[in-house]
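This report concerns only the one structure given below.
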Amino acid sequence: MKKATALTLAGLMAISSVASASMSRWNGFGQSSLFIGDVQDIWTLPAVVASNANATYFEFGNGGGTDYTNFGYNNLPGTAWGGAHMTLGPGVLAIWGGRPFNELSNINGGSSVPNANGGTGTTPSSSFNTPDQMIDLIYGFNVGEGLALGVGINRGTAGSKTEVVSGGTTTVSDNSTSDFGISLGADIKGLGPIALLEIGLQFNNTAGANIENDGTTTNKITLGGSDLDLRIGADIKGEKNGFQRIEVGVNTDSLTFKTEPGDAAPANSFIESKNGAMAWNLGWASGMSSDKGMGLGGFILTGLSQDRSEPFNAAEVDKFNSSAMTLAFVCAGEGKVKDWITARAGLSSNLWASNSTIVEVGPAGSTTKVTSTNGGTANTTISTGLSLVFGDITLDGVLNQDLLYTGSYLVSGIPAGLFSQVSATWGWGGSKE
């Protein structure tokens, strides 16, 4: 699968053909995956679909961490999912099912949900359903030799409805959440010193409602949110097998929870929680590749700002603001050990970090304001992975770090699985040529 696994450098960074295209492969590189092309770029760069045809992808889960919109850092919740890419008309159609969704908790990790009890009815659940049954459709096609375009849509829903009869009273609970998104992308080749310019834009809208009705009073909590993500990547021509890549990303998110009680606003509570966040990154890496593998080193500067406002009846101001910035050094490598096995590793280490938090609580005009700042937390992370090739099937795995300390189960007697995450790619014959 040379087309599906080559780094996106217009041929400048072709790597070993045994390398696969999967979340496990990316997670084996850690944060350096931001600079490494893979079919999983389709979530942030839809036009990549045009050069990845005729293959099926399986994600067996057991990952965890960052959302897929976070500039390509592709750790995802431990859920099995997958997709297939097939040639259709002048382009390639990608169909994926079951992709995990976690935007509801991604915005700032500190949002609260108001209490919608109006005084006579029951209280709706403050936990919203996470959209599932996710379906993604992306179509990529070439417009001449120097331009590829991609367009995609995604949809996810979740919900439940129950009726409870007690003492002659029937209480109906109706909970539902939905998400709809669109994505646009373009890959442009040969712009002077830029071998490949990649642009991706995604927009998602999420809505939900939790309703309780006991025949007398209807109480309701709603959520509404959206996120807009932009990613731009540029591959710079290098001498011989050298390369450079520049990455820029901007993400903006908003999420609002609102109570709509049947009678009156709940006493001593807030009725609306407004949450917002913006994240950005700037990255640069340089390296070298060959048919045996590749290596790179670079830097990633990231910034994050978050805010939350939950005006309280008895204290009209309840605000939270935070900001953080981190500069990290990253490096990664991938090499063919044998024709059927490829090893990879990645390292990221914070060179500098800073964060600030401001909390304001109290009556309007006399709030208490608390500000705290610190230099962040030192952090170094190493990740490793393997690819195993069996004919048209490639298995990718993120090595279980416990294995590096305990050895195999047979040697140490301590249970330690070989992989903490596993993916599989099945190329349809000709796609491997």
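GLY159 sits among other residues whose Cβ lies under 13 Å from its own Cβ, and their net charge, with Lys and Arg +1 and Asp and Glu -1, is -2. All other residues with a Cβ under 12 Å from the Cβ of ARG344 taken together, and with Lys, Arg as +1 and Asp, Glu as -1, what is their net charge? So the environment of ARG344 carries a net charge of -1. The aspartates and glutamates within cross-link reach of LYS240, meaning a Cα-to-Cα straight distance under 16 Å and a gap of 8 or more places when in the same chain, are ASP291. For LYS237, which aspartates and glutamates qualify as cross-link partners when the Cα separation must be under 14 Å and same-chain residues fewer than eight apart are set aside? Counting by Cα, and skipping residues close in sequence, LYS237 has no aspartates and glutamates nearby. Say the cut-off is 31 Å between C-alpha atoms; which of LYS161/LYS319; LYS189/LYS274; LYS189/LYS338; LYS258/LYS369 go over it? Over 31 Å apart, Cα to Cα: LYS161/LYS319; LYS189/LYS274; LYS189/LYS338. At an R0 of 45 angstrom, the distance between the Cβ atoms of THR371 and ASN205 translates into a FRET efficiency of 0.85.
With r defined as the distance between the Cβ atoms of SER286 and LYS161 and R0 fixed at 51 Å, what FRET efficiency is calculated, to the nearest 0.05? Calculated transfer efficiency: 0.35.
Remark on segment 292-401: hydrodynamic radius 17.8 angstrom, per the Kirkwood mean of 1/r across alpha carbon pairs. Counting charges near LYS189 (Lys, Arg +1; Asp, Glu -1) among other residues having Cβ under 12 Å from its Cβ returns a value of -3.
Counting every C-alpha pair in segment 177-332, the share spaced more than 19 angstrom apart comes to 70%.
Since every read-out is calculated from the coordinates, none of them should be taken as a lab result. Nothing here was measured: the structure is a model prediction, and the numbers come from that model. Quick reminder, even Gly has a Cβ in these numbers, built from the backbone with ideal geometry, and neighbours come from all protein chains shown.
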